[in-house]
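Enquirer: Questions regarding the structure given below will be posed in turn.
The values are calculated or read from the model by the stated rules, or taken from the named source; none is laboratory data. Bear in mind the structure is a predicted one, so any value in this text is a computation, not a measurement. Neighbour counts are summed over all protein chains in view; Cβ atoms, including those assigned to glycine, are modelled from backbone coordinates with ideal geometry.
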Amino acid sequence: MNVPVRQPVAAQRLKVVDCDIHPAYAAPTALFEFLSQRWRDHWSTFGTFFRPALIGQLPFPRMMAGGMRIDSFPKNGSPPGADLELMQRQHLDANGVEVGMLIALSRGGMEERNLDFAAALSTAANDWQLHKWCEPEPRLRAAIVVPQENTEHAVAEIERRSSDPAFVQILMSPRSADPLGNRRYWPIYAAAEAHNKPVALHVAGFSGGHSSTPTGWPTYYMQEHYAQTTGMQSTLASLVFEGVFERFPNLKVVLIEGGFAWAPALAWRMDKAWERMRAEVPHVKRPPSEYVRQHVWFTTQPIDEPDQPKHLVDTMEWVGWDRIMFSTDYPHWDYDDPAQVLARLKLTAKQKAMLLGDNARALYGLA
Amino acid sequence: MQVPIAGAIDCDVHPAMPSVTALLPYLSDYWRDQIANRHIDKLPFQLSSYPPSSPLSARPDWKAGQSPGHVETLPPDPIRAHVLDRFELRHAICNTLHGGVALFNNDMAAAICSGVNDWVAKELLDAEPRLRASILVPAHDVELSLREIERVAPDKRFVQVLFLAMGEAPLGRRSNWPLFAACEKHGLAVGIHAGSTYRHAPTYAGWPSYRVEDYVAQAGAFETQLLSLIAEGVFQKFSGLKVVLIESGFTWLPHFLWRTGKTWRGVRSEVPWIDRSPTEIVRDHVRFTLQPVDAPKGEPEVLARVIEHMGSDEFLLFSTDYPHWQFDGEDVVPAGLGRDTIRKMLIDNALDAYPRLHEAPEGGAAQNGSESEEAVS
């Protein structure tokens, strides 16, 4: 907590676009001012209703400080990520973040089982992002948080928010009730495509209630953490094989905090299986790797650290330099520091600029 | 390329499955009655993971002789013709993916597994001395699985115990440790093969619509199982244990090692028994069969780099995955592997993973216990 904040001068030259920043609610009731009395009463009486067995916690307790950077706790007692001034000083200013993408993970309705409540939460979380974050701090951009299981509301929310430049993408949970390629979610992709907003998928809790691995629940947080990676792979495979990219040829998908070094091996595996099995999926007209290369962006954090950094550079080459975007995950414990993370890798100035900001600027149409 | 030398060891072939009728001679009176009265002998016991006529399950030119209960040929004949003779192999290890393991009645699953193991010993191993086999166990029941391992283990032609990649719970759980103790004691490898008993959805977001997606998702299940074995400390407890991931693909391994290595450094206080990096653990204990090679076609230099990223040329065990359609013609060894890597893959690595391959038992099962055993436990 006493780590000195880095001086901003040198770092600002990085001109970073941080594709994963987590804002938090200053108090559990922070969304109340954006909810109707009906839903304030509901929340006060019944609480939110998610699929894990425990209220307000995951059954895999985090390893340190609730999963937060120890130095990210505001002095006023609010949770990490809740204090804009600290976020500005500690992260945006110190690291030269030109634009930061807000990923509002909790209480946006993505995990709520009551679909009407989920709709109210989603609207409230979007208002909250706008008024508490984007308006006071123009460097921050919001994602339209939508409850993927309530597609009707999700589409309405996308329609309502899309004209506001503060909202640059659409956020939903990849841990959905059905794999995200499933047709029940297609109205969301149609709206995303119509409004030219990328769909951002950030690793998340237990939204859909399925066990986190295909062979049941793991024991340790270490395993649950990794399950987000295999899960993200299955999400991408679902989008490809269910034909989402064929149906929505202009759809863009951003996979956040799910890793990227697995993507080449997954694409090769999908290509090989598709070659054998393509009669089963005639709607998948091209090799899966082509859809991945064209439609999917990846964020860097938590970046992999092979003993030989060159190996990660090989992998980046296979993913595609224009498809990887830097992210920190501020204020979470496994935060990646923009001044440190890419320093191990031998990158050209151009590659570094692409990763740190140019790719995100191109994707999101930032000036 | 073709197999460049004679005497290689094929670590994954799938014999045609015996029909339930073919298993009857190996079952107890109780189960013979049950099977007759309930018409269980009319049931196919095909795993959903491997529909018999799907291209991935059966290469078009290998389909003959692969349907269950096929009587025109003797069980080892197709394997002889397509694999053993064609590639001039020293051994091939038979993995019989029988659907009995997916039953919810563990006693019935155990009876069928015993029947299959005895059928394999008599119809395959006795008939063809180059063949070796895996022990099929009712993996959802530790006690019954342990009993089956102890029953079959004296027959040294069984070289590993077979699990599916997707089961009821991650394999590393402590409740499974008696199985690993038995494997270590008997010099049996733990073989994990692609496939699911569908106790859980194949993805963390539920059920895909297409088979091809299920197949792709198998890789994630292998990653899960490998991390489960590491995180629970199985390799600290059983320092002699060898685990073989079969039909798992292997090009996902570098990312797995990088990511689990980094996470372990961050959260190692949660799993203090892990005394070295996942990379070191995997290098000492885990092997991968060759097929399928999930690498880009026509770019051998990419595969060569992936092998370099894996950090060892001792990981791979040669396999054809017969009759699954993983390669065409005789082009079973992918371009991009160095000569040393190929030589180790064809012979040495398998001998290291399967200590029982060093022993050369003459035919004949050590015992054939199912006839005398009471089936109801």
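Enquirer: Which of the residues that make up the stretch A:213-247 are in contact with a Leu (Cβ under 8 Å, 6 or more places away or on another chain), facing chain B (nearest Cβ under 7 Å) and not polar (S, T, N, Q)?
Expert: A:P218, A:M222, A:Y226, A:A237
Enquirer: Check B:R283, B:R287, B:R276 and return the single one that is in a helix (DSSP H, G or I) and among the charged types (D, E, K, R).
Expert: Testing whether each residue is in a helix (DSSP H, G or I) and among the charged types (D, E, K, R) leaves just B:R283.
Enquirer: Right, next: Given the structure, is A:G208 of a type outside the set (S, T, Y) and modelled with pLDDT under 95?
Expert: Spelling it out, A:G208 is indeed of a type outside the set (S, T, Y) and modelled with pLDDT under 95.
Enquirer: Let me ask something additional. Go through the stretch B:295-320 and report how many residues are out of contact with any helix residue (DSSP H, G or I) (no Cβ under 8 Å at 6 or more places or on another chain), outside any helix (DSSP H, G or I) and within 12 Å of chain A (Cβ to nearest Cβ).
Expert: Residues flagged as out of contact with any helix residue (DSSP H, G or I) (no Cβ under 8 Å at 6 or more places or on another chain), outside any helix (DSSP H, G or I) and within 12 Å of chain A (Cβ to nearest Cβ) within the stretch B:295-320 amount to 2.
Enquirer: Which members of the stretch B:298-339 meet the condition of being among the charged types (D, E, K, R), over 20 Å from A:W268 (Cα atoms) and within 25 Å of the chain's Cα centre (by Cα)?
Expert: Passing the criteria: B:D313, B:E314, B:E330.
Enquirer: Next question, about the same structure. Can you tell me which residues in the stretch A:153-186 are surrounded by 19 or more Cβ atoms within 10 Å (Cβ to Cβ) and either in a strand (DSSP E or B) or among the acidic types (D, E) (or both)?
Expert: A:E157, A:F167, A:V168, A:Q169, A:I170, A:L171, A:M172, A:D178
Enquirer: Quick check on B:I230: is it more than 10 Å from chain A (Cβ to nearest Cβ), surrounded by 24 or more Cβ atoms within 10 Å (Cβ to Cβ) and of a type in the set (V, I, T)?
Expert: Taking the combined requirement at face value, the residue does not satisfy it.
Enquirer: Checking A:S207 against (1) within 10 Å of chain B (Cβ to nearest Cβ); (2) assigned to a helix (DSSP H, G or I); (3) of a type outside the set (D, E, K, R): exactly one of these is not met. Which one?
Expert: (2)
Enquirer: Hey, another quick one. Just give me the residues in the stretch A:143-152 being out of contact with any strand residue (DSSP E or B) (no Cβ under 8 Å at 6 or more places or on another chain), outside any loop (DSSP other than H, G, I, E, B) and either farther than 19 Å from A:G209 by Cβ or touching a residue at least 40 places away in the same chain (Cβ under 8 Å) (or both), in sequence order.
Expert: A:E152
Condition check ((1) touching a residue at least 40 places away in the same chain (Cβ under 8 Å); (2) closer than 25 Å to B:L317 by Cα) across all residues:
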{"site": "B:L84", "(1), (2)": "yes, yes"}
{"site": "B:F87", "(1), (2)": "yes, yes"}
{"site": "B:R90", "(1), (2)": "yes, yes"}
{"site": "B:N95", "(1), (2)": "yes, yes"}
{"site": "B:A102", "(1), (2)": "yes, no"}
{"site": "B:N105", "(1), (2)": "no, no"}
{"site": "B:A109", "(1), (2)": "no, no"}
{"site": "B:S114", "(1), (2)": "yes, no"}
{"site": "B:V120", "(1), (2)": "yes, yes"}
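Enquirer: If a residue has to be over 22 Å from the mean Cα position of the chain (by Cα) and not hydroxyl-bearing (S, T, Y) to count, how many in the stretch A:339-364 make the cut?
Expert: 8
Enquirer: Moving on to the next point. Given the criterion in contact with an Asp or Glu (Cβ under 6 Å, 6 or more places away or on another chain), assigned to a loop (DSSP other than H, G, I, E, B) and either of a type in the set (G, A, S) or free of Cβ contacts under 8 Å to residues at least 60 places away in the same chain (or both), identify the matching residue among B:A58, B:A6.
Expert: On inspection, the qualifying residue turns out to be B:A6.
Enquirer: Does B:L241 fit the bill of being more than 9 Å from chain A (Cβ to nearest Cβ) and touching an Asp or Glu at 6+ places or on another chain (Cβ under 9 Å)?
Expert: Taking the combined requirement at face value, the residue satisfies it.
Enquirer: A further question on this structure: Which of the residues spanning the stretch B:244-287 are within 7 Å of another protein chain (Cβ to nearest Cβ), charged (D, E, K, R) and either surrounded by 22 or more Cβ atoms within 10 Å (Cβ to Cβ) or more than 12 Å from B:G233 (Cβ to Cβ) (or both)?
Expert: Listed by number, the residues that qualify are B:R259, B:K262.
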